[in-house]
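J.: First the structure, then my questions, so here it is.
The values are calculated or read from the model by the stated rules, or taken from the named source; none is laboratory data. For clarity, every value in this text was computed on a predicted model and none was experimentally measured. Glycine also receives a Cβ, built like all others from the backbone with ideal geometry; neighbour counts cover every protein chain displayed. Just the protein is used for accessible areas: all its heavy atoms, side chains included, with ligands, DNA and RNA removed. Shrake-Rupley method; radii C 1.70, N 1.55, O 1.52, S 1.80 Å.
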Amino acid sequence: MAAATLAAVALGVVPGARAEAAAGTLPLGDGELTEVRTDRALADGVTLTRIVRGTEPAPADQVNITTRGPWVVNVLTIDPSKARGHLQATYGPKLSQVEKTTDLVRASGALAGVNASFFTFTASQLYPGDPVGLGLFGGKLLSEPTTDPAEVNFVVDANSNRAMTGKLTWSGSVRNRQTDATLPLEFINHPPVVPGGCATLADQTQCTLPGDVVEFTPEFAAATPAGAGTEVVLDRLGCVVRTSTTRGTTLATGQTSLQATGRDTVALLNATGQGCVSQTSTLTDQNGEELPVRPGLFGVNGRYPLTADGQIVVPAGSGSFFDRNPRTIAGTTRDGKIVLATIDGRQTTSVGTTMDETAAVAQALGMDDAINLDGGGSTAMSVEGALVNRPSGSTERAVGDALIYVDGPYRSGN
């Protein structure tokens, strides 16, 4: 279900009826369905629970409407008071590329993990793994949250395993230290767009239409995106190394670059000159308070909150996104446990859940605060290097990033 954009839907509590289920079971389908739970201790404070609700495969034409299931749910529960390890987010060799969740878990030496952010996917052949929203890795902000009101974020401090959910916002700028010329940044590590009316101009400084101003870091790709526009490479102190009237270069360790298109090319050249610049980058939580970006802080993006303070807050909506699909959930319990869950879907052996049903599952699993991560064909959970769920596609999908549990203390550079 990876996607670049989603229609904006106002957030609010959905008052609709919920499925009735016996105490301690999932509120999915008919109340008398058989439900079997199997618990497996993976490490101190880490438990894998497999829940199978319903016993008979669904007719192929009833997957989206049946009240008989079945549903297969895998739940990873991390208790920070007992666990020796830490939860973090990770991506492959480069941020803009994709890797299977299982491969990300193995490469990190992790015990377990699930897929995480929405990512560019098929919208870009060159940069399919580019996060569509927040990408925060070890205290490095490599992708800013979008302004889409549907985006919601899951942030965890790997040093303490304290996690939070909510909507983050971002602002950034560059300022010339000599002239005080200031230029707002629009994006981090996303290819800038050349204005349509200036697409034939090799020299973008002649364009009168607004373009984009983007910061790139070496983590993004082997080279920065190539094309018309300007690019200024900075060293680790923010001083100009070189300036080009076209885009596309290789960054050395410690370097960053600023790219601009359209009339913003002139503004970039004026702001950087041949001197040095200072940069600002500020994340703000939904209460308007600054979120300090420090070592060990990780964050990924999702679409729509499921629960907040124990209440279901999933928005009303329609269309394929809100229909039954495979789902991946991240959340926290009232006593500070972290819960990651996958729900298999689009199969006769597990039909998946609507957004309403997904929120009800999150609440039933004890998640006081929970969000909907990327789902559909992306949904995957890997434990000890092997898939424990069944993806809806013919094979496991390569994704942009993953949330992983490493059974050991966090060390910067993990």
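J.: Give the cross-link partners of K94 among the lysines, using a straight C-alpha distance below 23 Å as the criterion and excluding same-chain residues fewer than 8 apart.
T.: Partners found: K140.
J.: Another question about this same structure. Please name whichever of S81, N64, L48 sits farthest to the positive end of the charge dipole of segment 43-85, dipole taken about the Cα centre and charges placed at Cβ: Lys and Arg +1, Asp and Glu -1.
T.: Going by the Cα projections, it comes out as S81.
J.: Let me ask another. Accessible area per residue of the chain at 1.4 Å probe, in Å²? Numbers along the way, then the final one.
T.: Details: 16840 Å² over 414 residues.
Per residue, the chain has 41 Å² of solvent-accessible surface.
J.: Can you tell which of S392, N287, H190 lies farthest toward the positive end of the dipole of the chain, using +1 and -1 charges on the Cβ of basic and acidic side chains (Lys, Arg; Asp, Glu)?
T.: Farthest towards the positive pole: H190.
J.: Also, I was wondering about something else. Mind checking which aspartates and glutamates have their C-alpha under 17 Å from K337, skipping anything on the same chain fewer than 8 residues away?
T.: Partners within reach: D39, D44, D79, D157, D309, D368, D369, D407.
J.: Angle between the Cα long axis of helix 355-364 and the longest principal axis of the chain, 0 to 90 degrees, nearest 10?
T.: Between helix and principal axis, roughly 70 degrees.
J.: In nm, to one decimal, how far is the modelled label at Q274 from the one at S320, with both set 7 Å along Cα→Cβ?
T.: Here the answer is 5.4 nm between the modelled labels.
J.: Once you list every other residue whose beta carbon is under 10 Å from the beta carbon of D401, what net charge do they have if Lys and Arg are +1 and Asp and Glu are -1?
T.: With Lys, Arg at +1 and Asp, Glu at -1, the net is -2.
J.: Long-range amide H contacts for V241: which residues qualify at under 5 Å (H placed 1.01 Å from N, peptide plane, sequence gap of 5 or more or a different chain)?
T.: Those lying under 5 Å, H to H, from V241 are V233, L234, D235.
J.: Tally up the carbon and sulfur contribution to the accessible surface of the chain as a whole percent, 1.4 Å probe, everything protein left in place.
T.: Carbon plus sulfur share of accessible area: 51 percent.
J.: A follow-up question, please. What residues of segment 275-297 lie in the reach of a label at T169, counting those whose backbone N is under 12 Å from a point 7 Å from the Cα along Cα→Cβ?
T.: Those under the cut-off are 283-290.
J.: Per residue of segment 112-121, what does 6.51 cos²θ - 1.76 cosθ + 1.60 with θ = phi - 60° give for ³J(HN,Hα)? Whole Hz please, x for Gly and Pro, Karplus curve as stated.
T.: Here the 3J(HN,Hα) series is 7, x, 10, 4, 10, 6, 6, 9, 4, 6 Hz.
J.: Could you work out how far apart the two model spin labels at T349 and L237 are, taking each label as a point 7 Å from the Cα in the direction of the beta carbon, and quote it in nm?
T.: Placing both labels 7 Å beyond Cα along the Cβ direction yields 6.1 nm.
J.: Over the Cα atoms of the chain, what is the Rg over Rh ratio if Rh follows Kirkwood? Intermediate results must be reported in sequence, preceding the final value.
T.: Values: Rg = 22.4 Å, Rh = 22.2 Å.
Radius of gyration relative to Kirkwood radius: 1.01.
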